[in-house]
Ligand SMILES: [Fe+2]
């Protein structure tokens, strides 16, 4: 795949929520793009399609899949792949992305994105699935790093090495979820700074930012990426590190639970743009420490 790694504007966008459609169409605030979950638009018609068709005329679009189970140890669900292709052909989004995860076993879908072991076997498996998807969609897709609370003893490589090999072998791009990276680093000490330094910046086509929460389990404190609050200060700091190293990228504010008023999402997007502008100009991170 030789197309540019990103064609969305390298500024902040928001996830599209049905309750915000009317407000967006009325005020038409400046946004780099909106992102939708592909699975919400796999039906034939109805209000979701009417809304998205109208929004699509106003804003650039990113389609984010959550159900293809690219990391699953069984053939892709061809019906699901066809449904994804239908959404992509209908809306012609600037970008399409999916997950480094699995969510389907014996034909049954699980209501979660589950991690995969980082082995040569799973690398070849997911690269075959990515290749099949990219061939059907006739475009490169971006693959998002997971938020992990556990790791597999059988893994033989670090997550960053797995991503590097996956990009090289499949020709896909990366969707770097900075909140996921911070959550994984907090839970599993995977070394966020080394992780970022190792990534091929030219493969990063989009960034996700979101909120998370702390959960006490026995004596342990783990972080859960619930996408239900503002971006944490530590995540903003990592985001600035990414932008300072690789330059600005299309950046999504993800907010999927306890969805706030549109104004709150727009304010968070503007904050992301401020951080990115500051970092891209070589600003010192301490200014945003408070
Ligand atoms: Fe994400």
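No value in this document is a laboratory result; all are computed from the given coordinates. Just so it is clear, the structure is predicted and the values come from calculations on it, not from any experiment. Every residue, glycine as well, gets a Cβ built from its backbone with ideal geometry; the counts of neighbours run over all protein chains shown.
Taking R0 as 22 Å, what FRET efficiency do you get between residue 131 and residue 85 from their Cβ-Cβ distance, rounded to the nearest 0.05?
Numbers: r = 15 Å, r/R0 = 0.67.
Efficiency for this residue pair is about 0.90.
Kirkwood hydrodynamic radius (Cα pairs, Å) of region 1-102?
Numbers: mean 1/r = 0.0686 Å⁻¹.
Across region 1-102, the inverse of the average 1/r is 14.6 Å.
Determine the shape class of region 1-57: with a ≥ b ≥ c the square roots of the Cα gyration tensor eigenvalues, call it rounded for a/c under 1.5, and otherwise prolate if a/b is greater than b/c, oblate otherwise. Each step should come with its number before you reach the end.
On the way: a/c = 2.42, a/b = 1.25, b/c = 1.94.
Oblate is the answer for region 1-57, as a/c is 1.5 or above yet b/c matches or exceeds a/b.
Please give the peptides 36-45, 180-189 ranked by average Cβ packing (other Cβ atoms within 10 Å per residue), highest first, as a rough proxy for protection. Working shown, then result.
Values: 36-45: 15.2, 180-189: 20.4.
Descending packing order for the listed peptides: 180-189, 36-45.
Tell me the relative contact order for region 13-171 as a rounded percent, counting alpha carbon contacts under 8 Å between residues six or more apart.
Numbers: 221 pairs, mean separation 31.7, N = 159.
Averaging sequence separation for qualifying contacts and normalising by length gives 20 percent for region 13-171.
Which value at 222 nm does the chain reach when only helices count, each DSSP H run of 4 or more adding -39,500 (n - 2.57), with the total divided by all residues and rounded to the nearest 500 deg cm²/dmol? Working shown, then result.
Details: 9 runs with 112 residues, N = 290.
About -12000 deg cm²/dmol.
When 91, 152 are ordered from fewest to most other Cβ atoms inside 10 Å of their Cβ, what list results?
Details: 91 18, 152 13.
Ascending number of Cβ neighbours within 10 Å: 152, 91.
How much space per residue, in cubic angstrom, does the convex hull of the C-alpha atoms of region 159-235 take up?
Numbers: hull volume 7.7 nm³, N = 77.
In region 159-235, the Cα hull volume divided by residue count equals 100 Å³.
Rounded, prolate or oblate: which one fits region 133-290, using the alpha carbon gyration tensor with axes a ≥ b ≥ c (rounded when a/c is under 1.5, else prolate when a/b beats b/c, else oblate)?
Numbers: a/c = 1.41, a/b = 1.13, b/c = 1.26.
Rounded.
Using a/c under 1.5 as the rounded threshold, could you call the chain rounded, prolate or oblate? The axes a ≥ b ≥ c are square roots of the C-alpha gyration tensor eigenvalues, and prolate needs a/b larger than b/c, oblate otherwise.
On the way: a/c = 1.39, a/b = 1.02, b/c = 1.36.
The shape class here is rounded.
Relative contact order for the chain: what percent, with Cα pairs under 8 Å and sequence separation of 6 or more? Can you show the working numbers first?
Working: 523 pairs, mean separation 53.2, N = 290.
Here the relative contact order equals 18 percent.
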